[in-house]
1. Which of the residues that make up the stretch 25-54 are touching a helix residue (DSSP H, G or I) at 6+ places or on another chain (Cβ under 8 Å), in a loop (DSSP other than H, G, I, E, B) and farther than 30 Å from ARG13 by Cβ?
2. Just one of GLY200, GLY212 is assigned by TED's automatic domain parsing to the domain that holds GLY43, on the phi > 0 side of the Ramachandran plot and not hydroxyl-bearing (Ser, Thr, Tyr); which is it?
3. Go through the residues of the stretch 15-29 one by one and say whether even a single one is in the same structural domain as PHE149 (by TED's automatic domain parsing), of a type in the set (A, V, I, L, M) and free of Cβ contacts under 8 Å to residues at least 40 places away in the same chain.
4. Would you be able to tell me the number of residues in the stretch 1-24 that are part of a helix (DSSP H, G or I) and crowded, with 19+ Cβ neighbours inside 10 Å?
5. Return the pair list, or none, for Cβ contacts closer than 9 Å from residues in the stretch 257-279 that are among the basic types (Lys, Arg) to residues that are surrounded by fewer than 10 Cβ atoms within 10 Å (Cβ to Cβ) and not in a loop (DSSP other than H, G, I, E, B), at least 6 apart or on different chains.
6. Conditions first: (1) at pLDDT below 95; (2) closer than 16 Å to PHE163 by Cβ. LEU192 passes all but one, so which condition is the exception?
7. Would you check if GLU101 is within 16 Å of the chain's Cα centre (by Cα), surrounded by fewer than 23 Cβ atoms within 10 Å (Cβ to Cβ), closer than 27 Å to MET1 by Cα and not aliphatic (A, V, I, L, M)?
8. Could you check, for the stretch 173-185, whether at least one of its residues is over 20 Å from the mean Cα position of the chain (by Cα) and free of Cβ contacts under 8 Å to residues at least 24 places away in the same chain?
Amino acid sequence: MKPTTRFRELVERDEILPAMGGYDALSANLIEQAGGEVVYMSGSSVSTTTHAYPDVGVTTMTEMVTRARQMVNAVDIPVFCDADTGYGNPINVVRTVEEYESAGVAGIHIEDQSFPKKCGHFDEKSVIPTKEMVQKIRAATDAREDEDFLIVARTDARAVNGFDDAVDRCDQYLDAGADVLFFEAPTSESELRRVAEEFGDDVPLLANMTEGGETPLFTAQEFEEFGYDIVLYPATGFKAAQKALRDVYNEIAETGTQKGVMDKLVTWQERNDLNGLDEVIALEQKYASD
């Protein structure tokens, strides 16, 4: 089955789809090994691992697609990606869809922030006019060759213009052809429920669980009860990796040895199992000359 078709089936089923966030081939592989049914590529995590920079629109479309292709090649489950603002006007969006689709990605989300965008839970954001975003969504849906390639429309208007404007935008984004709605940064359970009451029966809904962000933390089961279909955990794994790296590097810098952090490391064999060393050795033996 095509990854796009599988992703669409996962989104449209009755059961909630948890989408853990990765940022490179190894993290994608670990998500798959943990039993994840889809990998989400977080733009924030890619920005930090590429440039050591926050999520403020510095990562280019080419850099994002390159990373997406690496992640797609590392797993057998669908990869769903952040595509920021589409990287320009509707013509740029056409190329963005073409590039992500050619990389083997199963779907993308595009947001209505002004460029350069910011993390949806940062302050001082701005959004483009609704009509401009409508044209981007139309361009995205027209550009895809595979009808199962999901176009997710994200609005950041809640924090800028208020709840009602964000709802109105979502209505127009649906009319433009969006497959899934991503209402960013609701501030309470009641707002999450209001979004589901507005749209839940008509279109799949995506919720974003960003630790420390504007939206309180709920479980996947609670989101399913609210009426959502996908819940993202975009940077949870990356934050854990950051903390582990910092602790290990600090320990070595302070003590001159890794002995005090051995419990934080995978073993030699676990490392080899993760990177498929046995398979490589088998290939070397298969093609060794006499």
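1. Of everything in the stretch 25-54, those that are touching a helix residue (DSSP H, G or I) at 6+ places or on another chain (Cβ under 8 Å), in a loop (DSSP other than H, G, I, E, B) and farther than 30 Å from ARG13 by Cβ turn out to be TYR53, PRO54.
2. Testing whether each residue is assigned by TED's automatic domain parsing to the domain that holds GLY43, on the phi > 0 side of the Ramachandran plot and not hydroxyl-bearing (Ser, Thr, Tyr) leaves just GLY212.
3. Within the stretch 15-29, not a single residue is in the same structural domain as PHE149 (by TED's automatic domain parsing), of a type in the set (A, V, I, L, M) and free of Cβ contacts under 8 Å to residues at least 40 places away in the same chain.
4. So the answer is 6.
5. Short answer, once both residue conditions are applied: none.
6. If we test LEU192 against (1) at pLDDT below 95; (2) closer than 16 Å to PHE163 by Cβ, just (1) comes out false.
7. yes
8. No.
The values are calculated or read from the model by the stated rules, or taken from the named source; none is laboratory data. All figures in this text were calculated on a predicted structure; none of them were measured in a lab. With ideal geometry, Cβ positions are generated from the backbone for all residues, glycine too; neighbour counts draw on all protein chains shown.
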